[in-house]
Structure formats: structure tokens, C-alpha cells
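For reference, the structure discussed in these notes is given below.
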Amino acid sequence: MAATQPGGLKTWTTSVQPLDPKYFRAFKAVDRSCSFSEAADIAAMTQANVSKHIKALEDIIGNDLFLRTPKGPVITEAGIKLREYIRDFENLHADFLLDVGSSGGDVKGTVAYAMPASCLLSPHFPMLLERRREHPGLEINLELTPTDKVFERLLSGRIDFGFVTKKIDHPRLEYIAFCKEEYVAVSAPDIDLASISADNLLNYNWIDYPGFDVYFDYWRRHNFPGSQHTQSLSLHCAGNINSIEGAILMTLGGLGVSIFPRHCIQQYLDDGRLVVYERDENGPLLNDIYISSLRSEQRPHRVDLVISWFMDMVAGH
């Protein structure tokens with residue numbers, strides 16, 4: 001028998017059944033994708049079995065974990081609490097096996113992190129995959145998303161850590177300085193990039209993509225600090241695309257000017273297919289990149305291990 005509490009959560013007077021971890025994979029896949037069909041692919045299950053496992057969890061818990069809406073499943077308060085429970089359960093399980101030695105020295109479990117798409121074009125991700133070969137039981141879940149959404153995912157507990165291009169003051173967040181990233185405005189050689197000034201920014205065609213607004217703001221403040229009223233929304237965009245790779249191709253094709261981390265387009269600068277806007281008096285535009293995570297007295301060993309791999313990468317370069 002169930003009774004409804006204020007706020008819609010139910011309490012059950014029957015004996016409580018233990019949660020079966022075999023159902024967690026389906027829940028995590030739906031939570032990650034916000035789609036039952038995509039969750040089936042992520043969990044390597046049929047969509048019917050994903051729904052069956054979610055329903056089994058809901059029956060045990062006595063609350064809906066997701067609201068079924070026309071736009072897809074939306075996690076409920078009970079679902080958020082289950083997300084936290086699963087994270088704590090998996091952390092304790094993995095660290096217990098490591099402590100008692102039953103894992104044979106192999107680090108197992110999932111490490112979820114997020115970063116802006118530009119980071120995928122750095123050498124760090126291939127190096128991470130190479131290090132991960134030492135621990136075949138370790139699952140890496142990576143989301144490519146702008147910095148602001150990295151913070152959202154951290155605070156909701158969906159990821160273990162994330163790479164961000166800025167700090168925000170929040171009592172639950174902590175930061176590790178990772179590296180510096182240089183941002184440059186570039187175009188094809190046939191565009192008169194050298195003539196850009198504070199007075200004619202709006203006369204140029206620009207290429208927009210996720211994250212461009214952040215880079216443009218840094219670049220504008222660095223080169224034209226007196227033009228604080230000129231924002232990315234003020235610009236005339238000749239192209240708009242949802243990936244940094246596509247924006248690079250548009251810029252190579254002469255469609256307009258854009259701003260990228262230098263490491264993403266260095267090869268095209270070296271071969272002359274792109275040129276960079278430079279003001280000698282200002283020097284390079286460098287921005288700090290941080291690894292951010294929730295404050296914790298003790299992170300799971302596997303998370304600390306992956307973070308240490310990244311720190312080793314920058315220490316060696």
C-alpha cells in the first residue's frame with residue numbers, strides 16, 4: 001500500500017525490496033541520453049528491456065523516475081536521488097574491490113567527464129585513450145559541451161569532473177589549474193584580416209559555432225577593451241554550425257572570420273591556408289583552463305587516477 005507525501009513522493013508500507021544493480025545500466029543510459037531509444041544503444045539493450053528495467057526500479061522504489069513527455073523522458077526528484085545513490089554505490093563498490101585486492105590491480109568502473117569540443121582536438125584525448133589501455137575494466141564517458149553546461153553537469157552529479165575555460169564561485173566546486181590555451185582570430189588569406197579595428201568589427205562576416213561567443217568575448221576584451229558594447233550577438237554571421245570542426249572548414253573556405261584555440265588550427269596556419277590577426281603591442285591571448293569537480297574529502301580512486309593522467313600529460317609538455 002502506498003501513501004502520497006507532500007510534493008508527490010510516495011511512501012510504501014510494504015517491506016522494502018533491495019535495489020538490484022542489474023537495473024542501473026538502463027537507468028544511467030536514459031538519464032544520460034534523455035531518450036529511451038538512444039538509451040537502448042548506449043546500454044546495448046533492446047528498447048523494450050530498457051523500459052522493463054526502468055519499470056522494475058520504479059516498482060521497487062514506488063515513484064516515477066522519469067516523466068514521459070512528448071519531448072522525451074524528464075528525470076524526477078526520485079530519479080535524481082537514485083542517480084546520487086548509484087554514484088555512491090558504484091564508488092564504494094569499486095574502491096572496496098581495490099582495497100581488498102580482488103580486482104587484481106585493475107581499476108574498474110566508470111569515469112564521466114565533460115569538456116568543450118575544442119579540447120577533443122588537443123593531443124590530450126588520444127593520450128588518455130593510450131593510458132586507459134592499462135585498465136580494460138575502466139569505462140570512460142565523455143560529453144562535449146560548452147563550459148556553462150559543464151558546470152550544470154557537475155552540480156547535478158552527472159559527471160565526475162570537467163574541463164572549463166573559466167572559474168565560477170560556488171561553495172560546492174573546486175579547481176585544479178590544468179594549462180593555458182591561446183585564442184586567435186583567423187581567416188582565409190584573401191580576407192583583409194589585418195584591417196580589423198574597433199570601428200569595423202561589425203563590417204566583417206563571422207563564423208559562429210558553440211563556444212564562439214566565449215572566445216570572442218575574451219578576444220574582444222584583449223584587443224579592443226574600449227568596445228565593451230560589441231558582443232557576439234552584435235556580429236554579422238555569414239555561417240553558423242554546431243561543431244568546431246565545421247566552423248574551421250567554413251573559415252578555410254573563405255566564408256568569414258572566426259576565433260579558435262590555436263592548437264585547433266595550427267596546421268592550417270603552418271601551411272598558409274589560414275592567417276591570424278595579430279597586434280604586436282598586446283601579445284598572445286592566453287586563458288587558463290581548469291579541471292573542476294565537486295568538493296570532496298575523498299574522490300573515488302579511479303577518478304583521481306584519470307585526473308592524474310591528464311596532469312601528467314601537461315607536466316610532460
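Taking the criterion of being part of a helix (DSSP H, G or I) and either under 23 Å from the mean Cα position of the chain (by Cα) or not assigned by TED's automatic domain parsing to the domain that holds residue 25 (or both), the residues of segment 37-76 that qualify are 37, 38, 39, 40, 41, 42, 43. The selection criterion, being small (Gly, Ala, Ser), without any contact (Cβ under 8 Å) to a residue 12 or more places away in the chain and in the same structural domain as residue 292 (by TED's automatic domain parsing), holds for residue 195.
Counting only residues that are closer than 14 Å to residue 303 by Cβ and assigned to a loop (DSSP other than H, G, I, E, B), segment 107-132 holds 2 of them. Looking across segment 274-317 at every residue that is of a type in the set (Gly, Ala, Ser) and over 18 Å from residue 131 (Cβ atoms), the one that is surrounded by the most Cβ atoms within 10 Å (Cβ to Cβ) is identified as 292. When restricted to residues that are outside any helix (DSSP H, G or I) and in contact with a strand residue (DSSP E or B) (Cβ under 9 Å, 6 or more places away or on another chain), segment 222-235 contains 1. Taking strands (runs of 3 or more DSSP E) as the structural unit, those lying wholly within segment 133-221 and holding at least 3 residues that are hydroxyl-bearing (Ser, Thr, Tyr) correspond to 173-187.
Exactly one residue among 307, 265, 248 is under 26 Å from the mean Cα position of the chain (by Cα), at pLDDT below 95 and assigned to a helix (DSSP H, G or I), and that residue is 307. When segment 208-251 is limited to residues that are of a type in the set (Ser, Thr, Tyr) and touching a helix residue (DSSP H, G or I) at 6+ places or on another chain (Cβ under 9 Å), the one that is surrounded by the most Cβ atoms within 10 Å (Cβ to Cβ) turns out to be 251. Taken as a whole, segment 252-260 holds no residue that is among the polar types (S, T, N, Q), surrounded by fewer than 20 Cβ atoms within 10 Å (Cβ to Cβ) and at negative phi.
The values are calculated or read from the model by the stated rules, or taken from the named source; none is laboratory data. It should be emphasised that the depicted structure is a prediction, and the values quoted were computed from it without experimental measurement. Because the Cβ atoms are built from the backbone with ideal geometry, glycine has one as well, and the counts that use them run over all protein chains shown.
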